[in-house]
1. Given the criteria farther than 18 Å from Gln13 by Cβ and β-branched (Val, Ile, Thr), does Val112 qualify?
2. Taking the range 159-179 on its own, how many of its residues are open to solvent by 20 Å² or more (accessible area, probe 1.4 Å), in contact (Cβ under 8 Å) with a residue 24 or more places away in the chain and within 29 Å of Pro105 (Cβ to Cβ)?
3. Looking at (1) acidic (Asp, Glu); (2) open to solvent by 40 Å² or more (accessible area, probe 1.4 Å); (3) in contact (Cβ under 8 Å) with a residue 24 or more places away in the chain, which is the only condition Asp126 fails?
4. Answer yes or no as to whether Asp182 is under 18 Å from Leu11 (Cβ atoms), among the acidic types (Asp, Glu) and open to solvent by 30 Å² or more (accessible area, probe 1.4 Å).
5. Here are Arg57, Arg6: which of them is within 28 Å of Phe160 (Cα to Cα) and at pLDDT 95 or above?
6. Inside the range 49-79, can you point out the residues that are open to solvent by 70 Å² or more (accessible area, probe 1.4 Å) and part of a loop (DSSP other than H, G, I, E, B)?
7. Can you tell me which residue among Ala27, Ala20, Ala98, Ala87 is open to solvent by 20 Å² or more (accessible area, probe 1.4 Å) and within 13 Å of the chain's Cα centre (by Cα)?
Amino acid sequence: MTDPLRIFRKLAQANRLANARLHEACARLDRDTLTAGRPAFFGSIQQTLNHILMVDRFYLDALRGRPLDLARLDEADRCPDLPTLAAWQADSDAALLAHVQDQTPVTLAEIVAIERRDRVQHDRRDDILSHLFQHQTHHRGQVHGMLSATPVRPPQLDEFIVGDDAPARARDMARLGWSEADLMR
């Protein structure tokens with residue numbers, strides 16, 4: 001029998017690995033380069049990374065049944081520096097992975113209420129998770145593109161899902177304390 005949760009676990013793990021790799025690359029930028037205005041939707045590398053964290057917090061809180069916390073979202077959106085952001089993102093990534101690991105086929109199909117400022121959205125948990133992973137990937141791609149215009153070489157962000165990529169992710173896996181068995185189960 002196929003494990004319907006496997007893909008969500010792998011996407012949550014890939015998310016953590018990609019964020020760690022991207023933050024490591026961005027840490028080699030000076031503050032002016034990190035915050036420099038760029039032709040991108042959020043205007044800078046820092047602001048795009050802040051947006052990723054803010055949206056992660058928004059959806060993760062909803063997925064866990066927590067009310068809308070505008071102060072917490074504003075904190076993420078206004079995070080002033082990369083070290084703080086990277087730590088907060090690592091915490092968010094770990095919480096998302098834990099949330100995914102706690103799911104069952106039944107809970108994946110549950111309807112989740114997402115409190116917005118002016119309404120409450122209702123969608124399936126698996127659809128929200130799929131949307132969240134797509135959102136993260138989309139905006140990490142924007143940061144990757146912005147890094148291309150800096151002295152720092154953009155990191156490879158897509159070698160985390162298949163077994164053949166193990167050598168390319170070995171250092172990152174060790175840094176996070178993960179094993180290939182954890183990723184490939």
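1. Here the answer is yes, as Val112 does meet what is asked.
2. Within the range 159-179, residues that are open to solvent by 20 Å² or more (accessible area, probe 1.4 Å), in contact (Cβ under 8 Å) with a residue 24 or more places away in the chain and within 29 Å of Pro105 (Cβ to Cβ) number 3.
3. Status for Asp126: all satisfied but (2).
4. When the stated conditions are applied, Asp182 passes them.
5. The unique qualifying residue is Arg57.
6. Those that are open to solvent by 70 Å² or more (accessible area, probe 1.4 Å) and part of a loop (DSSP other than H, G, I, E, B): Arg64, Arg66, Pro67, Arg78.
7. Going through Ala27, Ala20, Ala98, Ala87 in turn, the sole match is Ala87.
Here's the yes/no breakdown for (1) farther than 30 Å from Arg38 by Cα; (2) part of a helix (DSSP H, G or I); (3) of a type outside the set (Ser, Thr, Tyr):
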residue: Ile114; (1), (2), (3): yes, no, yes
residue: Asp118; (1), (2), (3): yes, no, yes
residue: Arg140; (1), (2), (3): no, yes, yes
residue: Pro151; (1), (2), (3): no, no, yes
residue: Glu159; (1), (2), (3): no, no, yes
residue: Asp165; (1), (2), (3): yes, yes, yes
residue: Arg169; (1), (2), (3): no, yes, yes
residue: Ala174; (1), (2), (3): yes, yes, yes
residue: Ala181; (1), (2), (3): yes, yes, yes
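The values are calculated or read from the model by the stated rules, or taken from the named source; none is laboratory data. None of the values given here were measured: they were computed from a predicted structure. Every residue, glycine among them, receives a Cβ derived from its backbone with ideal geometry; neighbour counts consider all protein chains shown. Accessible surface areas use protein heavy atoms only, side chains included; no ligands, DNA or RNA. Shrake-Rupley method; radii C 1.70, N 1.55, O 1.52, S 1.80 Å.
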